[in-house]
Amino acid sequence: MNDLELRAYGKIAQALAKIAFSIAEGESATFAASLASHFPDAPRPIFRQSVFKYLGRDLWRLRILRPLDDTGKGYAYHFAFECDVKEADHVAQQTWEHGPSLPELLETFIFHFENYGKEYHDFSSEIGDPFGRNGRLTPVLDALASISYVDKTAEGYCWTNVEPVVRVVDRLRSHYPTLFPSHEDDSS
């Protein structure tokens, strides 16, 4: 991995770590207390895997998260943060060989932002549809622009390397067909 790819990798991991931390902090007080009683020695907040399985898996592999209940089969449900999220990009850059490939990590990023917080982050997986104007993803998108995954335009960022986007969207369409309209030509 060259320096620009490594920088992009770190920025993607950091964005994912920030989201995981935000999710963990957003747990209800009752549920957070329950987690604390199950894992009394773990630092807070505790990230719960639930529907965010790719997020937890990738951050665990990068040693940003530490499993609290490793099943021994490469899966866990609850995690503690091994580093401050401000340092997650550096940790990911140091541990990338243990983590997913750049395209795999990018797919996790696309999957997460396509499904959770799309409007808040001004994210789009639509090819040719500018996104990222509100600045919440600027560090990641600038890093992706430096390695030609997106182009920065006056209207926002647009995907140029569409392979990871297409893979994620195809996977989402196959798993959740009712969420995506058919693109078949209805002309008669």
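The values are calculated or read from the model by the stated rules, or taken from the named source; none is laboratory data. Worth saying up front: this structure is predicted, and the values here are computed from it rather than measured. Positions of Cβ are generated from backbone atoms using ideal geometry, with glycine treated the same way; all protein chains shown enter the neighbour counts. Just the protein is used for accessible areas: all its heavy atoms, side chains included, with ligands, DNA and RNA removed. Shrake-Rupley method; radii C 1.70, N 1.55, O 1.52, S 1.80 Å.
Annotations
- When the listed pairs Lys18/Lys152; Lys53/Lys152; Lys53/Lys73 are checked against a 21 Å cut-off, the alpha-carbon distance exceeds it for Lys18/Lys152; Lys53/Lys152.
- Cα-Cα separations in region 1-111 greater than 24 Å, expressed as whole percent: 20
- The apolar share of the surface of the chain, taken as the fraction of accessible area on carbon and sulfur atoms (1.4 Å probe, ligands and nucleic acids excluded), comes to 50 percent.
- P(r) tail, the chain: Cα-Cα pairs separated by more than 23 Å, 45% of all pairs.
- Relative contact order of region 1-139: 26 percent, from C-alpha pairs under 8 Å at least 6 residues apart in sequence.
- When the helices of the chain are scored as -39500 (n - 2.57) per DSSP H run of n ≥ 4 and the total is divided over every residue, the value at 222 nm lands at -14500 deg cm²/dmol.
- Comparing Pro40, Pro164, Pro130 in a Gaussian network model of the chain (Cα springs below 10 Å), the most mobile by mean-square fluctuation is Pro40.
- Built amide H within the under 5 Å cut-off of His78, gap 5+: Gln49, Leu68, Asp69
- Region 122-162, accessible area per residue, ligands and nucleic acids excluded (1.4 Å, Å²): 45
- Spherically averaged projected area of region 1-46 from its Cα convex hull (nm²): 3.9
- Sequence-separation-based contact order of region 66-173, relative, with Cα cut under 8 Å and 6+ spacing, percent: 18
- Once the Cα-Cα distance is subtracted from the 0.36 nm per residue extended length, the Asn161 to Lys73 segment shows a gain of 28.3 nm.
- Peptide packing: for 76-82, 96-102, the average count of neighbouring Cβ atoms within 10 Å per residue gives the ranking 76-82, 96-102, highest mean first.
- Order by protection proxy (mean Cβ within 10 Å, highest first), peptides 58-66, 9-17: 9-17, 58-66
- The residues of region 1-115 have, on average, 49 Å² of accessible surface per residue, using a 1.4 Å probe with all protein chains present.
- Relative contact order (%) - region 37-103, alpha-carbon pairs under 8 angstrom, separation at least six: 34
- GNM result for the chain, Cα springs below 10 Å: residue of Ala92, Ala20, Ala154 fluctuating most strongly: Ala154
- Square roots of 5 times each gyration tensor eigenvalue, C-alpha, region 52-119, largest first, Å: 18, 15, 12
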